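The values are calculated or read from the model by the stated rules, or taken from the named source; none is laboratory data. Please read these numbers as outputs of a predicted model, since none were measured by experiment. Note that each Cβ is placed from the backbone with ideal geometry, even for glycine, and that neighbours are counted across all protein chains shown.
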Amino acid sequence: MAVESLRCRVCEASYPAEAIGICVRCFGPLEPVYDWDAIAARVSRESIAAGPRSLWRYADLLPAEAPADGVSSPGWTPLLPAPRLADALGVGEVHLKLDLANPTHSFKDRVVAVAAQKTLEFGLSTLSATSTGNLANAVAARAAALGLPAVIFCPAGLEPEKLAATTIYGARIYGVRGSYDDCSRLVSELASEVDWGIVNVNLRSYYAEGSKTLAFEIAEQLGWEAPDAVVAPIGSGAMFTKVWQGFQQFERLGLIESGRPKLFGGQAAGCAPVANAFADERAVTPVRPQTVASSIAIGNPADGDLTIATARESGGAVYAVPEDEIGVNISLLAEQAGIFGEGATGAALGALREAVRRGQLGERDRVVLLVTGTGLKTPQLAEASGDVIEIDADADALLDDLGVAA
């Protein structure tokens, strides 16, 4: 770990490397400042490949010490080719980054693993978060693994599947009457009154760094090369911008030589403040979420403007996906690749389809689609293509129905 301080990604104001989540001057996101000379002296492809099969193989590029042995860790999730999906879309190659293979079945396990280590390092008493579901699961599970109490704030009325996957770990959950943004305002006020590690508030500077490991793994799994494009869902925008930063850092260290990918982001149309601002070439303005894709239903995204800048710098784009296409895209992924993703994945696949329709991606491109969570948490979103056919336990009758001669 070589963190020197924190720096605002907007105004570049400097802060000590403490539990601070946002710039007090411009309210921009803070990020750790690393000693790149020290990192370059000890990090190589060989040193990384010799590390654990988890995100901690990149510990030298993260702001926290790796956990002690015996604590499960996320990361090093599969990157699988999806040739039938690629053919259906008209893309040269599509690879699926399956972060539903993490301990609580979403990419949030990555960011929480880093934030939880900072909670321990700072001597904070409790692991906490505001969440639309996946983050709640990850925080509760990580707290249980580390022996910490967990307190989580969610919008009231969250899907029962996500609540059950949080309470099982013994976390205390408060259902806030309102949206995710209402939860965030409440917890931001609370942060100065308690000695908690609130992963997406006072620990956000460190928490967001976990998303870089998606880029690191993709590059390593592709033979130390960047793909032509990465397509991701967008909620707060933090993951999207950190994936871009991950490729930048690997390039800076000479670990990849093939350049950086274009980044395309997807939002559901019922909560698309970033996509709409991108289309209108203006700053992001808050909206009230009205979307089936609850895991990315953030109406006031903290990194929204930075997401737009990142998409433009990469040569990519951010698109709004119609609400009635979210379930269709979930089913398309399942039918063509055998993977059941959540609503966020439906938005990401919708963005990929739009980029193909506009001629921005095509038959010469190698594309990575981020599958950030499992559809088993939101099964009601899927557009099921068939019904269960009830039959008697009669083989002759079944053969007749199938048109097969006995």
**OP:** Output the number of the condition that Glu121 fails; it satisfies all remaining conditions of (1) without any contact (Cβ under 8 Å) to a residue 60 or more places away in the chain; (2) of a type outside the set (A, V, I, L, M); (3) buried (at least 24 other Cβ atoms within 10 Å of the Cβ).
**Re:** (3)
Subject >> Subset of segment 18-35 [buried (at least 18 other Cβ atoms within 10 Å of the Cβ), assigned to a loop (DSSP other than H, G, I, E, B) and not aliphatic (A, V, I, L, M)] >> reply: Gly21, Cys23, Gly28
Original post:
Which of the following residues is of a type in the set (S, T, N, Q), within 25 Å of Phe250 (Cβ to Cβ) and out of contact with any Pro (no Cβ under 8 Å at 6 or more places or on another chain): Thr104, Thr77?
Top reply: Thr77
Subject >> Whichever residue in segment 316-359 is in contact with a strand residue (DSSP E or B) (Cβ under 9 Å, 6 or more places away or on another chain) and of a type in the set (Lys, Arg) and, among such residues, is farthest from Phe107 (Cα to Cα) >> reply: Arg358
**OP:** Starting from segment 175-195, take each residue that is assigned to a loop (DSSP other than H, G, I, E, B) and list its partners that are of a type in the set (Val, Ile, Thr) and crowded, with 16+ Cβ neighbours inside 10 Å, counting only C-beta distances under 9 angstrom and pairs at least six apart or across chains.
**Re:** Ser179/Ile298; Val194/Thr126; Val194/Val151; Asp195/Thr126
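Which count do you get for residues in segment 288-302 that are aliphatic (A, V, I, L, M), outside any helix (DSSP H, G or I) and within 21 Å of Trp244 (Cβ to Cβ)? Write out each step before concluding.
If we filter segment 288-302 for residues that are aliphatic (A, V, I, L, M), which is where we start, we get 292-293, 296-298, 302.
Checking which are outside any helix (DSSP H, G or I) leaves us with 292-293, 297-298, 302.
If we keep only those that are within 21 Å of Trp244 (Cβ to Cβ) as well, we get 298, 302.
Within segment 288-302, residues that are aliphatic (A, V, I, L, M), outside any helix (DSSP H, G or I) and within 21 Å of Trp244 (Cβ to Cβ) number 2.
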Subject >> Residue within segment 50-64 that is over 15 Å from Tyr206 (Cα atoms), assigned to a loop (DSSP other than H, G, I, E, B) and touching a Lys or Arg at 6+ places or on another chain (Cβ under 9 Å) present >> reply: yes
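Residues that are farther than 27 Å from Pro289 by Cβ: list the strands (runs of 3 or more DSSP E) wholly contained in segment 86-169 that include at least 3 such residues.
Details: elements: 93-98, 126-130, 150-155.
So the answer is 93-98.
Being more than 17 Å from Ser211 (Cα to Cα), of a type in the set (A, V, I, L, M, F, W, C) and modelled with pLDDT under 90 narrows it down to one of Ala68, Ala49, so name that one. Talk me through it step by step, then tell me what you get.
Values: Ala49 fails: modelled with pLDDT under 90.
Going through Ala68, Ala49 in turn, just one is more than 17 Å from Ser211 (Cα to Cα), of a type in the set (A, V, I, L, M, F, W, C) and modelled with pLDDT under 90: Ala68.
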Subject >> Selected residue (criterion: surrounded by the most Cβ atoms within 10 Å (Cβ to Cβ)) from residues of segment 136-156 that are touching a Gly at 6+ places or on another chain (Cβ under 7 Å) and farther than 16 Å from Thr119 by Cβ >> reply: Cys154
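Suppose the filter is crowded, with 24+ Cβ neighbours inside 10 Å, among the polar types (S, T, N, Q) and out of contact with any strand residue (DSSP E or B) (no Cβ under 6 Å at 6 or more places or on another chain); does Thr104 pass it?
On the way: crowded, with 24+ Cβ neighbours inside 10 Å: yes; among the polar types (S, T, N, Q): yes; out of contact with any strand residue (DSSP E or B) (no Cβ under 6 Å at 6 or more places or on another chain): yes.
For Thr104, the condition - crowded, with 24+ Cβ neighbours inside 10 Å, among the polar types (S, T, N, Q) and out of contact with any strand residue (DSSP E or B) (no Cβ under 6 Å at 6 or more places or on another chain) - is met.
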**OP:** Check off (1) free of Cβ contacts under 8 Å to residues at least 40 places away in the same chain; (2) surrounded by fewer than 24 Cβ atoms within 10 Å (Cβ to Cβ); (3) under 18 Å from the mean Cα position of the chain (by Cα) for Asp109 and give me the number that stays unchecked.
**Re:** (2)
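Give the residue, chosen from Tyr15, Tyr58, that is free of Cβ contacts under 8 Å to residues at least 24 places away in the same chain, surrounded by 16 or more Cβ atoms within 10 Å (Cβ to Cβ) and aromatic (Phe, Trp, Tyr). Don't jump to the end; show me each part of the working.
Numbers: Tyr58 fails: free of Cβ contacts under 8 Å to residues at least 24 places away in the same chain.
Of Tyr15, Tyr58, the one residue that is free of Cβ contacts under 8 Å to residues at least 24 places away in the same chain, surrounded by 16 or more Cβ atoms within 10 Å (Cβ to Cβ) and aromatic (Phe, Trp, Tyr) is Tyr15.
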Original post:
Considering segment 303-315 alone, what residues qualify as being surrounded by fewer than 22 Cβ atoms within 10 Å (Cβ to Cβ) and assigned to a loop (DSSP other than H, G, I, E, B)?
Top reply: Gly315
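Quick one: which of Thr291, Thr345 is over 16 Å from the mean Cα position of the chain (by Cα) and β-branched (Val, Ile, Thr)?
Details: Thr345 fails: over 16 Å from the mean Cα position of the chain (by Cα).
Going through Thr291, Thr345 in turn, just one is over 16 Å from the mean Cα position of the chain (by Cα) and β-branched (Val, Ile, Thr): Thr291.
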Original post:
Of everything in segment 270-287 that's in a loop (DSSP other than H, G, I, E, B) and in contact with a helix residue (DSSP H, G or I) (Cβ under 8 Å, 6 or more places away or on another chain), which residue is surrounded by the most Cβ atoms within 10 Å (Cβ to Cβ)?
Top reply: Val284
Original post:
Hey, does segment 365-382 have a residue that's among the hydrophobic types (A, V, I, L, M, F, W, C), over 30 Å from Ala138 (Cα atoms) and out of contact with any Leu (no Cβ under 7 Å at 6 or more places or on another chain)?
Top reply: no
**OP:** Quick one: which residue in Ile22, Ile39 is hydrophobic (A, V, I, L, M, F, W, C) and in contact with an Asp or Glu (Cβ under 9 Å, 6 or more places away or on another chain)?
**Re:** Ile39
Original post:
Which residues, counting only those in segment 318-334, are within 19 Å of the chain's Cα centre (by Cα) and farther than 18 Å from Gly270 by Cα?
Top reply: Leu333
